[in-house]
1. Give the lysines whose C-alpha is closer than 22 Å to that of Lys361, dropping any in the same chain fewer than 8 places away, or say none.
2. Which value in Å does the Kirkwood hydrodynamic radius of region 298-446 take, with 1/r averaged over all unlike C-alpha pairs and then inverted?
3. Separation between the Arg379 and His392 pseudo-spin-labels, each 7 Å from Cα along Cα→Cβ, expressed in nm?
4. What is the set of long-range amide H partners of Phe118 at a cut-off below 5 Å, with H atoms built 1.01 Å from backbone N?
5. Order of 415-423, 368-376 by packing, highest average Cβ count within 10 Å first?
6. Once amide H atoms are placed 1.01 Å from N in the peptide plane, what residues at a sequence separation of 5 or more from Val431, or on another chain, have their amide H within under 5 Å of its amide H?
7. Name the long-range amide H neighbours of Ile327: under 5 Å, sequence gap of 5 or more, or other chain; modelled H, no Pro or chain starts.
8. What trypsin sites (Lys or Arg not before Pro) in region 100-201 are in a loop by DSSP, with at most 11 other Cβ atoms within 10 Å of the Cβ?
Amino acid sequence: MREDTAEDHQDQERRRHTARILRGIRLRVLHLALFWTLVSGGLAWLPTLPLPRTTLLALQGLIWLAGCALTLLAGRRMVHDARDHLRTEQILRENEVEFRTTLNATTVGLFRLRNLHFDFVNATLAEMMGYGVEEFLTLSPMDVVVPEQRDMVRQNSIRRAEGEPGYPYQLTFLRKDGGTFIGQVWSKRILFRGKPCTVGSIVDISARIEAEQEMRRMVNALAASNLELERFAYVASHDLQEPLRAITSFSQLLERRLDGRLDAEAAEYLRFIITGGKRMHALVNDLLAFSRVAHKGSPFQLVSCDDSVAMALQTLQDSIRDSHAVITVGRLPMILADAMQIEQLFQHLIGNAIKFGQPGKVPHIRIGADREQDEYHFRIEDDGIGIPPEYHTEIFSVFRRLHKGPAYPGTGVGLAICKRVVERHQGRIWVSAMPAQGSCFHFTLPAPDGATPPC
């Protein structure tokens, strides 16, 4: 036989409250009866006193008036107590209705267990399981979970009884119609009316689980698609190199052999072919470099950024000599990275700072880094032509060029390669710049344990 339900407990509390009021009324009635007994005795005793008749009558009248007044006061008090009781009953009923309405309106199933039997459930949980509330209260948790998880329920109940704190866990529940759903359960052991019990909640997370599984499938499919696309780009760019090289080479050979024998229009067309072939060859090479960041990277090792910048400056020595660029390099840290890619990163960023210098002005470039918690913050500043704020994000996209024509040659892949290198190293890259005020490219790279910070 199950224990009393929550409704039974509330009825018992109400009955106890009513009994207290009735005991108070009975006690006052008893006090009045005793008082009138004393009054009657006093009235009977007064004639024996040697007092004038008028005095005796006055005393009797006073005693009667006092008795009536006290009786009226006691009666008023009893009426007041009765009204208090009725008001309290009304407030309790209204609070109970409001509380139960709130419990039943919530989307979370709530329950209370005693001795592994449901002592209370809200309408939401009963509806979730497909039962009525009264019918559900005849069940135990073993009746509403799949057989293979019933031992888990027993073990959790034992742990709660031993005082182990509650934590969320998932169970597969059985509905009355035989269907199932996945619920997240939280429970806690408490004392209720002096007796131990378990209270908890159940949330139907089937839709969430299904959405998460679908999202995982989509993410996996997208990752596979991206991988396939990257492989295609790598293979395509690699395989396109030879045909493009042949087109450019034979076009140049044809230009030399027919030098002076072609009219101006034919010669111009031939130059278009050679220029287009060279540009296409440069695009393919950059696309191949972009694809290699993810697929042809080397294992990470401890790398000196001082050495990486030195190698990048050596590669850029012709550009530095032609522009007379002044480059100031602070002390840079040791990082855990792909040495070739870090050199490539510095080469692209320094090369851009030189290329996009202001016409007729010697470029001044500053390179430095600071330790910020568990990462290094690198900065490459220049005094060049700058970048409008609306393009600060867009410039890191593949093939995105802000400047067309021969004044600033390029394919629009360099900054996309920088972004990919930094992201492969779990860092971030961004730019702060204004037109005609220079640019500062920032990127962060994780600081290895025990690495020496820059001065």
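Bear in mind that the values in this text are calculations on the coordinates, not laboratory data. Remember, it's a predicted structure, so these values are computed and weren't measured experimentally. Note: ideal-geometry Cβ built from the backbone for every residue, glycine included; neighbour counts use all protein chains shown.
1. Cross-link targets: Lys404.
2. Hydrodynamic radius (Kirkwood, Cα pairs) of region 298-446 is 15.5 Å.
3. Taking the simple label geometry, Arg379 and His392 are separated by 1.4 nm.
4. Leu139
5. The most tightly packed comes first, giving 415-423, 368-376.
6. Excluding prolines and chain starts, which carry no amide H, the hits are His442.
7. Amide H neighbours of Ile327: Ile365.
8. Within region 100-201, the qualifying trypsin sites (Lys or Arg not before Pro) (loop, at most 11 other Cβ atoms within 10 Å) are Arg193.
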